[in-house]
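Reviewing the structure listed below.
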Amino acid sequence: MKKVITLFFLFSVVILNAQQTPQYTQFVFNQFALNPAVAGSKPCVDMRLGYRTQWVGFDGQPKTMWANFNGSFANKKKKYLKTKHGVGVHVESDNTGPIGRTKVYLAYAYHIPLNHKVNLGMGFFGGFQQYRFNAGKVSLTNYNDPAIQGSSSKMVWPDFTPGLFLYSDKFFAGLSMWQLLKNKLPGLGPDSKLTHHFVLTGGKLIPTGGDWTYLPAASLKFAPMSKPALDLSI
């Protein structure tokens, strides 16, 4: 068991770079939006709906809306150490100034019990993104700038995101890699394309022996050519 956990975190450290992904308030309560391997990890159908706005009062402030649900089904013939399958849907709209994105993903995850307490989920998102650029919201000193060729909308298909999720009743640790295929975005600036985005999460439940329990958690987001973002929660 210790070897499996060690290998999981070694894999997580090897690929660290930097970050660029939508921001979620209270990521602990919306882990499925960050990692497809979370699908089916709970013993119930899990549904989430959220809205977040930043920089209130500024023109073109970031706004993110999302809705998702996921659930599981297991092999009923097995009585102990059951494997199970998780499925789900995630829909998201993210807008910042002249740039807008809409994502629609289907999720599948396969959960393997490593022992009676710890499980490993392996999953992926598969779907598409729609990228939009509104040139009317951009002010230029050079209106012949080749990077701005007018308003446009592009469909990015297919789009995949793999993920791993190690969890028990006492802790969780997850790693996901967004935009696996690094699709090109023709018509949205010269040589525009998607890049890999990584999200590493972890948390541990701490009982106090009374009526309270504590759940300290962290989420590290990183992508090449940008600075990492770290969210801490308790």
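With respect to the stated conditions, Ala107 fails to be part of a loop (DSSP other than H, G, I, E, B), within 26 Å of Pro22 (Cβ to Cβ) and either modelled with pLDDT under 95 or not basic (Lys, Arg) (or both). Pairs are defined by a Cβ separation below 6 Å, a sequence spacing of at least 6 or placement on different chains, a first member in region 209-220 that is touching a residue at least 40 places away in the same chain (Cβ under 8 Å), and a second member that is surrounded by 13 or more Cβ atoms within 10 Å (Cβ to Cβ) and in a strand (DSSP E or B); the pairs so defined are Leu215/Gly203; Ala217/Gly203; Ala217/Ser233; Ser219/Thr201; Ser219/Asp231; Leu220/Leu200. When residues in region 170-194 are screened for being open to solvent by 40 Å² or more (accessible area, probe 1.4 Å) and out of contact with any Phe, Trp or Tyr (no Cβ under 7 Å at 6 or more places or on another chain), 8 of them pass.
Within region 122-132, being touching a Lys or Arg at 6+ places or on another chain (Cβ under 9 Å) and farther than 13 Å from Val104 by Cα holds for one residue alone: Arg132. Scanning region 118-131 turns up no residue that is more than 30 Å from Ile206 (Cα to Cα) and of a type in the set (Val, Ile, Thr). Every condition in (1) among the hydroxyl-bearing types (Ser, Thr, Tyr); (2) more than 17 Å from the chain's Cα centre (by Cα); (3) open to solvent by 50 Å² or more (accessible area, probe 1.4 Å) is met by Ser152 except one, and the failing one is (3).
Can you find a residue that is polar (S, T, N, Q), under 17 Å from Asp231 (Cβ atoms) and touching a Lys or Arg at 6+ places or on another chain (Cβ under 8 Å) anywhere in region 71-86? No, that holds for no residue. Just checking, which of Phe160, Phe165 is open to solvent by less than 30 Å² (accessible area, probe 1.4 Å) and aromatic (Phe, Trp, Tyr)? The match here is Phe165.
Residues that are over 15 Å from the mean Cα position of the chain (by Cα) and part of a strand (DSSP E or B) were ranked within region 155-171; the one that is farthest from Pro36 (Cα to Cα) is Met155.
Residues in region 123-136: is at least one surrounded by 15 or more Cβ atoms within 10 Å (Cβ to Cβ) and either in a loop (DSSP other than H, G, I, E, B) or among the acidic types (Asp, Glu) (or both)? Yes, that holds for at least one residue. Restrict the check to region 220-229 and report whether at least one residue is part of a loop (DSSP other than H, G, I, E, B), closer than 16 Å to Leu34 by Cβ and in contact with a Phe, Trp or Tyr (Cβ under 8 Å, 6 or more places away or on another chain). Yes - at least one qualifying residue is present in region 220-229.
The values are calculated or read from the model by the stated rules, or taken from the named source; none is laboratory data. Just so it is clear, the model here is predicted, and its values are computed rather than measured. Quick reminder, even Gly has a Cβ in these numbers, built from the backbone with ideal geometry, and neighbours come from all protein chains shown. Areas reflect the complete protein model, heavy atoms only, side chains present, ligands, DNA and RNA absent. Shrake-Rupley method; radii C 1.70, N 1.55, O 1.52, S 1.80 Å.
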